[in-house]
Amino acid sequence: MASALTVLFLGCWLAGHSGVWGGREYPKPTIWVSPSRVVALGGSVTIRCEGRYPGMEFFLRKAGHPNLQVQMVPDGTVAEFPIASVSREDGGNYTCEYRSITDQSRWSYLSDPVEIIVGGEGPG
């Protein structure tokens, strides 16, 4: 059984992350895949996430996966998440969000999803 402290901590973390306290202040980022969201197995793509302000930390999430990728962009407004050799597991829906590097309680709203579709065998 979870301790009261664990439940309290999880509740506070969820409240802070969901925007109950401060939180969701920035507009949602734009997310896109280049060169194309349809990619051959073994091909390469880059997922880009663009916020409105410099000095942000970007978080890329894949639907159904607990792990996320993080990238700090202190000077620009676009984070790049390259996938050098696409596997079947890379297919699916991705979203991103960002937060201020200097005030980590200030988050953006979640981006619209973008889907990567993995096709057949690539060149090789």
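The values are calculated or read from the model by the stated rules, or taken from the named source; none is laboratory data. Just so it is clear, the model here is predicted, and its values are computed rather than measured. Backbone-built Cβ (ideal geometry, glycine too); neighbour counts: all protein chains shown.
Just give me the residues in the stretch 68-124 being polar (S, T, N, Q) and touching a helix residue (DSSP H, G or I) at 6+ places or on another chain (Cβ under 8 Å), in sequence order.
Here is the first cut: in the stretch 68-124, the residues polar (S, T, N, Q) are 69, 71, 77, 85, 87, 93, 95, 100, 102, 104-105, 108, 111.
S105 - this is the single residue of the stretch 68-124 that is polar (S, T, N, Q) and touching a helix residue (DSSP H, G or I) at 6+ places or on another chain (Cβ under 8 Å).
Please determine, by comparing only the residues of the stretch 64-73 that are surrounded by fewer than 19 Cβ atoms within 10 Å (Cβ to Cβ) and modelled with pLDDT of 95 or more, which one is farthest from C96 (Cα to Cα).
M72
For G76, state whether it is surrounded by fewer than 17 Cβ atoms within 10 Å (Cβ to Cβ) and either in contact with a Phe, Trp or Tyr (Cβ under 8 Å, 6 or more places away or on another chain) or touching a residue at least 60 places away in the same chain (Cβ under 8 Å) (or both).
No, not satisfied.
Quick one: which strands (runs of 3 or more DSSP E) lie wholly within the stretch 1-62 and hold at least 1 residues that are closer than 17 Å to S105 by Cα and modelled with pLDDT under 95?
Filter on the stretch 1-62 gives 23-26.
Considering only the stretch 63-90, state which residues are closer than 19 Å to S105 by Cα and touching a Lys or Arg at 6+ places or on another chain (Cβ under 6 Å).
Answer for the stretch 63-90, where residues must be closer than 19 Å to S105 by Cα and touching a Lys or Arg at 6+ places or on another chain (Cβ under 6 Å): just L68.
If you scan the stretch 84-95, which residues turn out to be touching a residue at least 40 places away in the same chain (Cβ under 8 Å) and either over 24 Å from V118 (Cβ atoms) or in contact with an Asp or Glu (Cβ under 9 Å, 6 or more places away or on another chain) (or both)?
Selection gives Y94, T95.
State whether the residues of the stretch 70-79 include one that is out of contact with any strand residue (DSSP E or B) (no Cβ under 9 Å at 6 or more places or on another chain), hydroxyl-bearing (S, T, Y) and not in a strand (DSSP E or B).
No, that holds for no residue.
Restricting the search to the stretch 80-111, which residues are out of contact with any strand residue (DSSP E or B) (no Cβ under 7 Å at 6 or more places or on another chain) and not small (G, A, S)?
Within the stretch 80-111, E89, T102, D103, Q104 meet the criteria.
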